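Below is one structure, written out as structure tokens; comments come after it.
The values are calculated or read from the model by the stated rules, or taken from the named source; none is laboratory data. What you are looking at is a predicted structure, and each value in this text was computed from that prediction instead of being measured. Methodologically, a virtual Cβ is constructed for each residue, glycine included, from the backbone with ideal geometry; neighbour enumeration extends over all protein chains shown.
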Amino acid sequence: MNGEDILKLIGFLVVAMFVIHYFISCVHVQTSVIEGLTNPDTITTTSTSTISDSSNGIAGNAAGYAETIKAKTVQLQDELLISKYRKEYEAAIINMDDYINMLMLKQVLSLSSNVSPNSVFQSLNILKNSKDTLNSTMKFLDTQ
């Protein structure tokens with residue numbers, strides 16, 4: 001064999017290896033995809049209970065759903081530590097209220113002939129709703 005035949009043989013082997021690799025990867029993908037696979041009817045929550053998606057209907061899931069919400073509430077209480085950081089939270093709410101007041105004043109003063117009055121009033125309504133939400137949050141904080 002001369003040098004040219006050896007190069008042809010090496011080239012043929014490299015191409016054959018790529019073809020074999022491609023074929024094996026296609027077969028591997030096909031084995032991981034199973035036709036007709038369905039997910040189970042139940043999902044597991046963070047607690048030890050299992051909530052059924054379709055077999056019990058909405059009413060059948062109410063108890064598990066209530067437990068899940070209670071667990072999330074307890075988790076948030078543990079994260080927020082309201083009794084320890086109440087003053088900081090109140091200060092943040094008060095500062096946000098002041099900020100919204102300033103934004104509302106800016107919106108009122110920005111009314112000009114170039115700006116649609118409807119957009120200004122929509123922005124003011126959004127800011128007022130934000131103030132109402134902050135007020136509700138402060139009331140909630142006071143009850144804790």
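Listed here are the residues, each with its yes/no results for (1) exposed (fewer than 12 other Cβ atoms within 10 Å of the Cβ); (2) more than 23 Å from T133 (Cα to Cα); (3) touching a residue at least 24 places away in the same chain (Cβ under 8 Å).
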position	(1), (2), (3)
N61	no, yes, no
A71	no, yes, yes
D98	yes, no, no
M102	yes, no, no
L111	no, yes, no
N114	yes, yes, no
V120	no, no, no
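Under 30 Å from Q144 (Cβ atoms), among the small types (G, A, S), at pLDDT below 75 and not assigned by TED's automatic domain parsing to the domain that holds L141: does that describe S52? Here the answer is no, as S52 does not meet what is asked.
The requirement of being of a type in the set (D, E, K, R), assigned by TED's automatic domain parsing to the domain that holds D142 and within 30 Å of T143 (Cα to Cα) is fulfilled somewhere in region 96-105, by at least one residue.
Does V29 satisfy the criteria of being at pLDDT below 80, of a type outside the set (S, T, Y) and farther than 30 Å from K139 by Cβ? Yes.
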